[in-house]
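Some notes on the structure that comes next.
The values are calculated or read from the model by the stated rules, or taken from the named source; none is laboratory data. Small disclaimer: the values here were computed from a predicted structure and weren't measured. For neighbour counting, all protein chains shown are included, and Cβ atoms are generated from backbone atoms with ideal geometry for every residue, glycine included. All accessible areas refer to the heavy atoms of the entire protein, side chains included, with ligands and DNA or RNA removed. Shrake-Rupley method; radii C 1.70, N 1.55, O 1.52, S 1.80 Å.
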Amino acid sequence: VTLADEGDYTVVVTNNFGSVTSIVARLSLLEAIPSLRNTGIDAAGAPLAGGAIDPFWTLQVNPDGGSSDVFVGNDGWPIQQGTWLVNSATSKWVGSRATVGDATIPAGNYLYRTTFDLTGRDTNTVTITGRWATDDGGTAVFVNGNTVSVPLAGGFGSWTTFTIDTNSTTFLPGTNTIDFGV
């Protein structure tokens, strides 16, 4: 079964006594969006080294010098078990500097963006589920510049899960953006 098979289906059952048609059943497939990537992960899905620039995330608002670069956080303090969620093979901390948790990083609102492509997909059936954590708490989430109502990340010690779907936003055919405010 492929995405081309998505749609409404019925079954007709026939025997010597007649036939009956089932109610309509919708076939929807869950498939990853290849261009939507976790933080700190390269194009092949492998973790990037600490200090590397994340190629799939940019800073739209950055009180720490204005650069749009997003750096993969260092391993070690403060990213250690029991204090922060630890970096993993599927997601790493990112920030305006490679030294996540550096006390000299200016306070303020930061806005992280990733871009993804929905070309060839039915945008009325897109659902994005994920989880996020921040060092100081989330402030907002936007899809294509519009605020979406999802739980805001509360801190660096636990994940906050979210779902973004057509009940909460409008996806566009082609390029879309998700922004996370912290």
Largest-first principal axis extents of the Cα set of segment 102-143 (Å): 45, 16, 15
Of every Cα-Cα pair in segment 19-153, the percent that sits beyond 28 Å: 25
Descending principal axes extents, segment 1-88, alpha-carbon based, whole Å: 76, 31, 24
Cleavage-rule hits, trypsin sites (Lys or Arg not before Pro), segment 94-182, DSSP coil, Cβ neighbours within 10 Å at most 16: ARG121
Rg over Rh, two decimals, segment 49-117 (C-alpha only, Kirkwood Rh): 0.96
Percent carbon-and-sulfur accessible area, segment 86-132, ignoring ligands, DNA and RNA, probe 1.4 Å: 51
Theoretical gain in end-to-end length, ASP5 to THR119 [0.36 nm per residue, Cα-Cα removed]: 39.4 nm
Fluctuation leader among ALA103, ALA46, ALA133 - the chain, Gaussian network, Cα springs under 10 angstrom: ALA103
Residue of ASN144, ASN15, ASN109 that the Gaussian network model of the chain assigns the largest fluctuation, springs spanning Cα pairs under 10 Å: ASN15
Per residue accessible area of the chain, 1.4 Å probe, in Å²: 56
